[in-house]
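> Would you mind keeping the following structure in view while I ask a few things?
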Amino acid sequence: MFMLTRTSSEHPLGLCIMVDMNKSPPLSLSDCRSILQNVFGYSDFREPQQAIVEHVANGGDALVLMPTGGGKSLCYQIPAIVRQQAGYGITLVISPLIALMHDQVGALHEAGVSAAFLNSSLEAQEAYQVEQRLLRGEITLLYAAPERVTNPRFLALLDSLLERGLLSLFAIDEAHCVSQWGHDFRPEYRSLTVLHSRYAGVPRIALTATADALTRADIVERLQLEEAQTFVSSFDRPNIRYTIVEKRNPAQAIQRLLRFIEKNHAKEAGIVYCQSRKRVEEVAQSLAEAGIDALPYHAGLESSIRQANQNRFLRDEGVVMVATIAFGMGIDKPDVRFVAHLDMPKNIEGYYQETGRAGRDGLPAYAWMAYGLQDVVNQRRMIDESPAIEEFKHNLRGKLEALLGLAESIDCRRVRLLAYFGEQRDAGYRCHNCDNCLSTPTVWDGTDAARKLLSTIYRVQQLSGISFGTGHIVDIVRGKATEKITHHQHDTLSTFGIGKDYSEPELRGVLRQLLAMNAVAVDVESFNTLRLTEQSRAVLRGEVVVSLREKERTERKERRTREDRSAIIKAPIALDSEGLIRYAALKAWRSQIAKEHNLPAYVIFHDATLAAIAKKAPQTLEDLQGISGIGARKLEAYAADVLRVVA
């Protein structure tokens, strides 16, 4: 049943279509659980999934905040299937990325679910065929980008579906893209308000892995989800180990990254984030020259090269992608063992979203970041140079300061990270899976050094009438008589050599902390020189204590291991020698099948499923039943092959 209600503008015919969604009694949780087990091969829901799935399946609106790897996609895929079986029609999934659409649809096909996508990768005839299948109600889930969803031709298709009672649910993925306060704002998401104004009776679920309180409020307002139930899962990713190290210069950071990969993640998949395209190219080349299978990805590459590199990363094992933040959203690869940042992100949301791409399979993974004074200067400069209004800049500075607080922290990194998203831990809590918890840092009082640096900045300005940069200020404090210092007569200042007992890295660390505290500012219009702020006074008067982590006075020499580790087989669970052989054989078989189907290997079976098969050593079809990740369709399609491989 449906009814038409006249309105003034939203519908091209002056109509707002309202639908009576009460076609059948409420859908039971057992219906949803049956889909979970028979289609997707999982025995039970994770704690937050059950309530979300039941609420959405019965027509409720929802805003879902769930960390990467928490199972967000099932929160709309299962309701979509259950509602389609009950006669409600298709579910439209709004997704910003073509790669994600391809992989999600491929995974649904493997599970026996009718799904399709409409995007620019299709030829005109292919797109037409999808549209015809859509109108006939033959598709359970359709994936499309926001700019396609809101164009008049596509809206006419949705109108036709709705008028025949075949429009069941809207799922808006990566919902943080609608918010100007989010780390990945996309203006086209703003137009999705049409889904509420034009199709008010169709339930909506908006999902994101990352949103602070400000971003959440913006999502609710922009998508008109005021009546939606909000589901917030824990933001904790206990399998990820957080480590943040000092970056003295770009070359040193690359060497530290190399040692980190060779020591912890040889032959394993990872992502390395850099701020600029040039930096991406340099790092990818350095890693490749060191024998690491590394590829670059940034917007400056030809689209065919970007696509080829992304496909290799998704489909091959042990590939390291070096990329700008243009890469990663929607990447569903579960076995990324590490995410490294060689340059500091803009805020904690970006850091959390990007590091969350590691360990989606729940197995141990690393989040490693190198950051230094220049990172702080660059980020401050980008904010100050932004044409945005001052209120917006103020919020950006606050987000940056929160990230700097995380980087400079001497307590548990996880506590700081979770607190940013409003999730508190008891006083003294230690996660035992971050660098600070595993090795408590030594703290030193940098207040004296801070006052000497601020006094020097003031006196230089008084003497010369202009400000100077970091290196020059540090040289004055340390009493280094450079040509530039003598030329400007800065060796005559009372602060010349006043901090000769401090090393250059120590003074740079103090300046970094002062920048984080906003006790020093970067003057963008004067070539990124340093100037005092209102907050400088409290430090100069000794009213504020500046505490810093003890920096490495002599960097540990970690022996680089270049031996061939290709013979080492790593499994996600403990396996005996015969089990490891079966696991390796299953991975080789999976790789072959994935290439034949033109899909990432994990779409066929996750590593955890292969490991469970290898451990059980099944002999019959019945032995395979009940293994997590093997649904009815996959059992039918692959059981004979799997039994042959492990025999």
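> If you go through the stretch 343-362 one residue at a time, do you hit one that is open to solvent by 40 Å² or more (accessible area, probe 1.4 Å) and hydrophobic (A, V, I, L, M, F, W, C)?
No - not one qualifying residue is present in the stretch 343-362.
> Residues that are at pLDDT 95 or above and touching a helix residue (DSSP H, G or I) at 6+ places or on another chain (Cβ under 8 Å): which strands (runs of 3 or more DSSP E) entirely in the stretch 1-89 hold 3 or more of them?
By residue number, 62-65.
> Right, something else. Hey, can you tell me all the residues within the stretch 286-318 that are over 16 Å from residue 268 (Cα atoms) and of a type in the set (Asp, Glu)?
Selection gives 289, 302.
> Go through the stretch 168-223 and give me each residue that's among the β-branched types (Val, Ile, Thr), touching an Asp or Glu at 6+ places or on another chain (Cβ under 8 Å) and open to solvent by 10 Å² or more (accessible area, probe 1.4 Å).
Once the filter is applied, which keeps residues that are among the β-branched types (Val, Ile, Thr), touching an Asp or Glu at 6+ places or on another chain (Cβ under 8 Å) and open to solvent by 10 Å² or more (accessible area, probe 1.4 Å), the stretch 168-223 yields 194, 220.
> Yes or no: the stretch 152-169 includes at least one residue that is closer than 24 Å to residue 331 by Cβ and either at pLDDT 90 or above or not basic (Lys, Arg) (or both).
no
> Is there a residue in the stretch 52-70 that is more than 26 Å from residue 214 (Cβ to Cβ) and open to solvent by less than 10 Å² (accessible area, probe 1.4 Å)?
yes
> Okay, next question. For the stretch 107-150: of the residues being more than 24 Å from the chain's Cα centre (by Cα) and among the acidic types (Asp, Glu), which is most open to solvent (accessible area, probe 1.4 Å)?
Once the filter is applied, the top-ranked residue is 123.
The values are calculated or read from the model by the stated rules, or taken from the named source; none is laboratory data. Quantities reported herein were computed from a predicted structural model and do not represent experimental measurements. All Cβ positions, glycine included, derive from the backbone under ideal geometry; neighbour counts span all protein chains shown. Protein only, heavy atoms only, side chains kept; ligands, DNA and RNA dropped before computing areas. Shrake-Rupley method; radii C 1.70, N 1.55, O 1.52, S 1.80 Å.
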